[in-house]
Each structure stands twice: as C-alpha cells, then as structure tokens.
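See structure below.
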Amino acid sequence: LRGAKEYRENWEDYFDDLKEYEEKLAKQPKDDKADAAKGAAKPAAEKGRDEKKDEKKEEGEKKDEKKDALKKPPPPPDDRSAAAVLKALDGDLVLRVEAHAPADIVTAIELLREYGIAAVLEGGSGAHLLADRLAAERIPVILSAPPETIVYAAGPTEYRSSVAAQVLARAGVDVYFGTGVVASGQTPRLALVAARAVGQGFDANAALAAITSKAADLLGLEDLGRVAPGKQADLVIWTGHPMAADARVERVLVKGQEV
C-alpha cells in the first residue's frame, strides 16, 4: 500500500516536470525570434561589431549547448500491481483480503482503516471471534470451506466453527460462502456448504441468497443469481426448499429449455 502511494507520487512529480519542460520548450522559439528582431534593428557598424563578438562566442556556446539543451523528463517505470492497488485506494476496487487467525484479521482491519479502503474478508475461519468488530467496520466475510479432517492441524482450520455463519449474521455481518483454496478436483459444493450452515441455525433463505443473488451483487454481476422477468432462464425446480435435507431436484431448465 505504501509502495502504491509512492508510485502515485512519482507520477505526479513526473507530470510536474513534464509541464515545466513543455513551458520552457514553448518559450524557446519566441526568444530566438526576439533576438533576430533586435539584430535587424541595429545600425550596420554596430551589427558588424556584434557579429565579431558573436563569432567568438559561438564556439563556446556550442560547447555548452548540450548542457543547456532541454531534456525531456523520463516517465517512472510502469508498475501494474501498484496501479491496481491505487484503484483500491481510490475506491474504484474492493480489496479482497484472506485472513484466518484473529490477530491477522485485526491487523487487516487496522490497515484498511488507516488507508480508508473498502474490503471483503475471505476465508475468515476465526472471523466469528471478531463478529462485532467486523460488523462495526462493515466488512463482509466470505467463509471458505476447507476440506473436512478429523485430525487437528494448525492453520486455516484452527479457529473453524460450525456456527460461524450464524454468529456473524447475528452480529450484523454480511455473510457469503466460498470454496476457499483447494486442490483441483476437491472443490466443495457451495450448496452443501450453505446447507450445513443452515443445519447450525443460519437462516435458509439467507443461505440461498448468499450463494446466488447476494454473491452476484458482491461481484458486480447484478444480472445474475436471481429469478425475474428478462433474466436468463437457467432454473432448478426442487420438491422443497433447496436448503432442506429432504429436497430433491424435480426439473432443470437451461436457457428456458427443460433438460
């Protein structure tokens, strides 16, 4: 973040130097014309003396010409990463921060506050321990679903809780569900992840929205994730609420055609 701010300052300095260079460059032709006009207005004898003086000076001036010549300032090296971070600093992008341990989440919150950045917390296996603070800072949480294990291991799963979604929602935090970083072929099914949260007391309709309409809104894809006139008709019809354990798929339509 500091590097991105320095990157911006370097470009601001460059544009200031470039403006100064262009102003000096614009003045040069005017000065040359003025000197020529002064020379033409002098008497012939005076002009002769001036020409001799000019000839003597000409050689020395040519030596200094390179030193005196205007040099166009070079632009700073391009840094696409810093440019992307600047968009977050300017509020044009929402920063995505992955953190799990409460201490790391607190550090992230402090940095986001210091720089005034909007962000989404991803992973957040320990987020429920800071639910009130996250709610106060209005930081949404995307709970990841690490692979199931019966063996304790330090790391992202260390603070995991089956009631995390319920605790966060109760505190007023916007909750979403994500797959997390998993090996190829092990991506968990989000519907099942959401259903497990419902089994621990998370609202069923909120869970469904968290993996459909709300998820689309979070990604800036408001045209997706909801059933409404004019939307693409990709539909699944269930025998009951999609989050219910006994619900079964009855019909599937893709682009309005039953498949």
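The values are calculated or read from the model by the stated rules, or taken from the named source; none is laboratory data. As the structure is a prediction and not an experimental result, all values here were calculated from the model. We place every Cβ from the backbone using ideal geometry, glycine too, and count neighbours over all the protein chains shown. The protein model used for the area step is the full one, side chains on, heavy atoms only, and it has no ligands, DNA or RNA in it. Shrake-Rupley method; radii C 1.70, N 1.55, O 1.52, S 1.80 Å.
Points worth noting:
- When the helices (runs of 4 or more DSSP H) confined to region 76-146 are screened for residues that are under 30 Å from Leu18 (Cα atoms) and modelled with pLDDT of 90 or more, those reaching at least 1 such residues are found at 80-89, 102-115.
- Close Cβ contacts (under 7 Å, 6 or more residues apart or on different chains) running from residues in region 222-242 that are in contact (Cβ under 8 Å) with a residue 40 or more places away in the chain to residues that are open to solvent by less than 80 Å² (accessible area, probe 1.4 Å) and not acidic (Asp, Glu) comprise Pro242/Ala191; Pro242/Leu208.
- Residue pairs whose Cβ atoms lie under 7 Å apart, separated by 6 or more positions or on different chains, with the first residue in region 113-133 and polar (S, T, N, Q) and the second part of a strand (DSSP E or B) and open to solvent by less than 10 Å² (accessible area, probe 1.4 Å), do not occur.
Listed here are the residues, each with its yes/no results for (1) over 27 Å from the mean Cα position of the chain (by Cα); (2) open to solvent by 80 Å² or more (accessible area, probe 1.4 Å); (3) more than 22 Å from Ser125 (Cβ to Cβ).
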{"position": "Ala171", "(1), (2), (3)": "no, no, no"}
{"position": "Asp174", "(1), (2), (3)": "no, no, no"}
{"position": "Gln186", "(1), (2), (3)": "yes, yes, no"}
{"position": "Ala197", "(1), (2), (3)": "yes, no, no"}
{"position": "Thr212", "(1), (2), (3)": "no, no, yes"}
{"position": "Asp217", "(1), (2), (3)": "no, no, yes"}
{"position": "Leu224", "(1), (2), (3)": "no, yes, yes"}
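The rows are residues; the columns are (1) outside any helix (DSSP H, G or I); (2) in contact with a Lys or Arg (Cβ under 9 Å, 6 or more places away or on another chain).
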| residue | (1), (2) |
| --- | --- |
| Ala169 | no, no |
| Ala183 | yes, no |
| Gln186 | yes, no |
| Ala194 | no, no |
| Val198 | no, no |
| Glu222 | yes, no |
| Val227 | yes, no |
| Lys231 | yes, no |
| Ile237 | yes, yes |
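- Residues in region 222-248 that are among the aliphatic types (A, V, I, L, M) and under 19 Å from Asn205 (Cβ atoms): Leu224, Val227, Ala228, Leu235, Val236, Ile237, Met243, Ala244, Ala245, Ala247.
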